[in-house]
Amino acid sequence: MRDDAREFDTEALPRLPLALLRRLLPRAERDEVLADVRAEYAEIAAAQGLTAARRWLWRQALGSAPALLGWNWWRGWTGFEPRANAYRPGGSMLKTWISDARYAMRRLRARPTYTTLSVLTLALGIGGTTAVFGIARPLLFDPLPYAHANEVVSFWLPGWWNEEEFMYLRGRIPGFSAVGMWRPGDVTMRDGDAPARLLPGNIVSAELFDVLGARPLLGRSFRQGDDVQGAEPVAMISYGLWQELGGSSNIVGRRITLDGTPRTVIGVMPRGFWFPDPTARIWTTRPLDPQGRNGSWELIGRLAPGQTLETMQPNLERLVSMIHERFQYGPKGDKTKDAKFTPIRERLLGQMQPAIVATFVAMGFILLIACANVAALMLGQVEGRSTELAVRSALGASRGRLTQQLVVEALVVGIGAAIVGAALAAAGFRILAEALPIGAWGTSSGFDWTMFAVALLIAIAAVLLVVLVPTTSLWRGDLRGTIGSARTGGIQGRGGRLERGLVVAEVALAMLIVSGAALLVRSVSKLYAIDPGIDANGVAVVDVMSSRDMTSLQRRLKIEETIAALDALPGVKSSAAAMKLPLRGSGDSFNVQVEGRAGDEQIFSYFRVVTRDYFTTMGIRVRDGRFFDGSDQPADSGGSVIINEAFAKKHFPGENPVGRRLVGGFSGTWQVVGVVNDVAEGGLTDDAEASSYYLAGQVPMFGQHASFAIRTSRADPATILDDARRTVNRVAPAFAIQETTTMPRILDLAVGPARQMMLLLSLLSALAMVLGAIGIYGVISHFAARRKRDWAIRVALGLPTSRVIRQIVGQGTALVAVGVMMGVLGTVALARLLTSFLYGVGTVDPIAFASASVVLLLIGVVAAFIPARRASTVDPALVLREQ
């Protein structure tokens, strides 16, 4: 009956299920299985009809499809299909790569020490590089959150422009489609009887957001008329503040009380918007004064269509000419000199670029050192397998096939390192972000989980670099000749030159980092050696901001009440208040004259308003005369003033200024009652400038900001900060606390980013030295192992073991010395990255270079001594018997 069925017309078989079976069946069994299907189809058709046969065929095709697909995937992708079988879905290359991956996993599991060391070494470099890239990307590469960012520039002398200048130039500045201005303008917000809350913000002109091309998420932006006399007080808030206020769309039009003044919220900026930094939470306008001369503003403008920075020079010259014709300037803040425009990205982020680039380069060096270490480890593995590889080569394995196995093994290590490195980057991201001198961006940045993809890409690039070394050794070596030389003990085994080159490269890279850290250590030590003119030890600081609706008298009385409460705290020796503390920027200044002096000589002077015990609390010393005391009472006009030594030397040369009178500045006449030592009011490295100190009560407590200084007998002044904060909140709830800190911390900040970079590079230097020591140890160990038969023969012939140690250590020391010399040359070339952090130290500093060289040489000697000592204690008889 089967023979009769085969005579059935099988051309009528449905094509679709037959084609499905043909596609899924293995090529070797395809014809046989399809022949059986046709025969069975014919029998069913003859017995039950074509309809039943078609249903049967569809059931066979669809029912067997899952099993055939699984079989297809498993046999084709695992590489276990015999080559004699013509079934090859996925291609033979994929099968061999999968097979090599399984082989690599078995090898790595069998060598846990090698695997762990390779993965962790690479992971350190990958994790650090990934974290730095995650910090650098939003600062240096991502677009700014402004539509016109590429067209916006900042004017020269930021923080020195005033309202009178802006109102005169408004709408008349050539080459710009719009110009606006802004300055810091924190505000206080108070809810009921609760202590006032500080909102970091900025005061802006109505044009600012149009200049930036920033559009609100809700409501509208500022518009013409929002900053003129009589305008309704308005504000725009950040997305984060909107969420804190409830996140309702009804916020637009709502009135909130800021600095005691109700303001209407007109807009909410979108998530991710910031200006000028991520801490800003509110932007307000205020009526601009055409006669306002408070020079604390910054101008930014959007270039007119068709204009670029390169074509703006004629317009810049016209602007300077306009300023020169209208205004007259003293030696400070002369806007007719050094005029230039700066791109807004460079203005807002440029000062952070050197720190990020230097850290990124240092982490890149760490990654390269890690790559060199892993390459040396892999090279040692290849040398250890030289006989095995030679036998496989003799049996027909090509060098390409052997190389592929090395590449796959490196990729497996790299994937493991990428996973561990990404975890390290996620764990250390916040620490690194806060360690870098990037200000508000350090606290506002967050780890982006796309960094795992970055870590994988870095890992792949790293392992491809790593695998170059062992594959080079493999292709340069005589694999089949290795079998013949195996009995010699591998005295002349290959790889020595490559390994030595890796050590030299590692040491050179480590030298770059260590010498950079040494330069910063020298620079920071010189900065801390500068006398700031105060005794910072033992002083706690509480910065507050009062509401704008408080009168000067109310502010002064509340400050005096707060000082009395602070003095009553346990451990407090004295406390005082000032409009601004030293090391926080010079800022406020005016011109004064000496009464009775011929002519109208104008004396430029920075000024501070302080309370009576300020000098004692800050540890400022009197040079002549006295401090403020009880005899200095409030007066209708004039009072007492204290000047610094720079003021006395410059304007009272050869005479005693005590008793002389100054006119100007604040209204009235001011008698000089004392001369104090020069204090670093602005920056730590600024030259001493003429400064004068006025007593609160005789003059208004200038501005909304005040700082309380508290000298304590406690070893750590930070321990009193919580008590001080509670005292201020209790006594003066209308004061919003901006910050609590200590003068030593303020001094650390005044030292600048060099201090943070020193700490960071010192940490990276330690890591580089550890990795370098591991590399030196590994290479010298291999060197000693390759020549152990040679050492054994020499010792057997009478060579002292001390000579063995000296020769092996000498090899390591020579490699380190060559690497140090190369590193010094590289440091000279790359030290310009650190120029902005150096003070009193050149980029070519013999002391820094000598210190780094000695440290690395000592590490090299110690790392080489361990394998040298081990080699010298080997029994020659045992070694020769093994051969």
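Some points to look at:
- If only residues of segment 46-66 that are within 14 Å of Leu24 (Cβ to Cβ) and small (Gly, Ala, Ser) are counted, the one that is surrounded by the most Cβ atoms within 10 Å (Cβ to Cβ) is Ala61.
- Residue within segment 701-709 that is part of a strand (DSSP E or B) and of a type in the set (Phe, Trp, Tyr) present: yes
- Residue count for segment 539-573 under the criterion of being farther than 14 Å from Ala732 by Cα and open to solvent by less than 10 Å² (accessible area, probe 1.4 Å): the result is 3.
- Scanning segment 714-727 for residues that are within 20 Å of Asp613 (Cβ to Cβ) and either part of a strand (DSSP E or B) or out of contact with any strand residue (DSSP E or B) (no Cβ under 6 Å at 6 or more places or on another chain) (or both) gives Arg714, Asp723, Thr727.
- Extreme residue, surrounded by the fewest Cβ atoms within 10 Å (Cβ to Cβ), among residues of segment 226-244 that are among the β-branched types (Val, Ile, Thr) and closer than 19 Å to Phe275 by Cβ: Val234
- Filtered residue count, segment 596-644, keeping only those that are acidic (Asp, Glu), open to solvent by 50 Å² or more (accessible area, probe 1.4 Å) and within 23 Å of Met701 (Cβ to Cβ): 3
- The residues on offer are Arg254, Arg271, and the sole one that is of a type in the set (Lys, Arg) and either surrounded by 20 or more Cβ atoms within 10 Å (Cβ to Cβ) or within 25 Å of Pro138 (Cα to Cα) (or both) is Arg271.
- Highlighted here are the strands (runs of 3 or more DSSP E) found entirely within segment 582-693 that include at least 2 residues which are touching a Leu at 6+ places or on another chain (Cβ under 9 Å): 589-594, 603-610, 639-644, 669-676.
- Top-ranked residue of segment 411-462 - restricted to ones that are part of a loop (DSSP other than H, G, I, E, B) and at pLDDT 80 or above, ranked as most open to solvent (accessible area, probe 1.4 Å): Pro437
- Residue list for segment 204-217, filter: open to solvent by less than 10 Å² (accessible area, probe 1.4 Å) and either aliphatic (A, V, I, L, M) or in contact with a Lys or Arg (Cβ under 6 Å, 6 or more places away or on another chain) (or both): Val204, Ala206, Leu208, Val211, Leu212, Ala214
- Listed by position, the strands (runs of 3 or more DSSP E) enclosed by segment 167-261 that each have at least 1 residues that are more than 30 Å from Leu316 (Cβ to Cβ) are 187-189, 197-199, 201-204, 234-237, 255-258.
- Of the residues in segment 829-841, at least one is of a type in the set (A, V, I, L, M) and out of contact with any helix residue (DSSP H, G or I) (no Cβ under 9 Å at 6 or more places or on another chain).
- Residue within segment 777-791 that is under 31 Å from the mean Cα position of the chain (by Cα) and surrounded by 20 or more Cβ atoms within 10 Å (Cβ to Cβ) present: no
- Yes/no for Thr551 being at pLDDT 90 or above and of a type in the set (S, T, N, Q): no
- Residues of segment 791-839 classified as modelled with pLDDT of 85 or more and touching a Lys or Arg at 6+ places or on another chain (Cβ under 8 Å), total: 2
- Of all the listed residues (Gly819, Gly840), the sole one being within 31 Å of the chain's Cα centre (by Cα) and over 20 Å from Val507 (Cα atoms) is Gly840.
- Screening Gly752 with (1) at negative phi; (2) in contact (Cβ under 8 Å) with a residue 12 or more places away in the chain gives one miss only, at (1).
- When Arg2 is tested against (1) more than 30 Å from Glu409 (Cα to Cα); (2) out of contact with any helix residue (DSSP H, G or I) (no Cβ under 6 Å at 6 or more places or on another chain); (3) modelled with pLDDT of 70 or more, exactly one condition is not met: (3).
- Close pairs (7 angstrom Cβ cut-off, 6 or more residues apart or separate chains): more than 17 Å from Arg22 (Cβ to Cβ) in segment 34-58, open to solvent by less than 70 Å² (accessible area, probe 1.4 Å) and of a type in the set (S, T, N, Q) anywhere: Ala42/Thr10
- Filter result (under 22 Å from Ser248 (Cα atoms), of a type in the set (D, E, K, R) and more than 35 Å from the chain's Cα centre (by Cα)) within segment 191-232: Asp191
- Just one of the listed residues (Arg286, Arg293, Arg326, Arg318) is closer than 30 Å to Ile256 by Cβ, touching a residue at least 24 places away in the same chain (Cβ under 8 Å) and either buried (at least 19 other Cβ atoms within 10 Å of the Cβ) or basic (Lys, Arg) (or both), namely Arg286.
- Criterion (aromatic (Phe, Trp, Tyr) and out of contact with any strand residue (DSSP E or B) (no Cβ under 8 Å at 6 or more places or on another chain)) met by exactly one of Tyr168, Tyr239: Tyr168
- For segment 141-190, a residue qualifies if it is open to solvent by 40 Å² or more (accessible area, probe 1.4 Å), of a type in the set (A, V, I, L, M, F, W, C) and either under 27 Å from the mean Cα position of the chain (by Cα) or at positive phi (or both), and the qualifying residues are Phe141, Ala147, Leu157.
- Test: Pro314 is assigned to a loop (DSSP other than H, G, I, E, B) and out of contact with any Pro (no Cβ under 6 Å at 6 or more places or on another chain): no
- Pick from segment 574-593, criterion modelled with pLDDT under 90 and more than 18 Å from Ile746 (Cα to Cα), ranking: least open to solvent (accessible area, probe 1.4 Å): Val592
- Residue check, Glu298 open to solvent by less than 30 Å² (accessible area, probe 1.4 Å), over 28 Å from Ala194 (Cβ atoms) and of a type in the set (Asp, Glu): yes
- Single match in Lys335, Lys340 (criterion: open to solvent by less than 20 Å² (accessible area, probe 1.4 Å) and under 13 Å from Pro158 (Cα atoms)): Lys335
The values are calculated or read from the model by the stated rules, or taken from the named source; none is laboratory data. None of these values were measured; they are calculated from a predicted model. Cβ coordinates were reconstructed from backbone atoms using ideal geometry, including for glycine residues, and neighbour counts include every protein chain displayed. Keep in mind that these areas ignore ligands, DNA and RNA; they rest on the heavy atoms of the full protein, side chains included. Shrake-Rupley method; radii C 1.70, N 1.55, O 1.52, S 1.80 Å.
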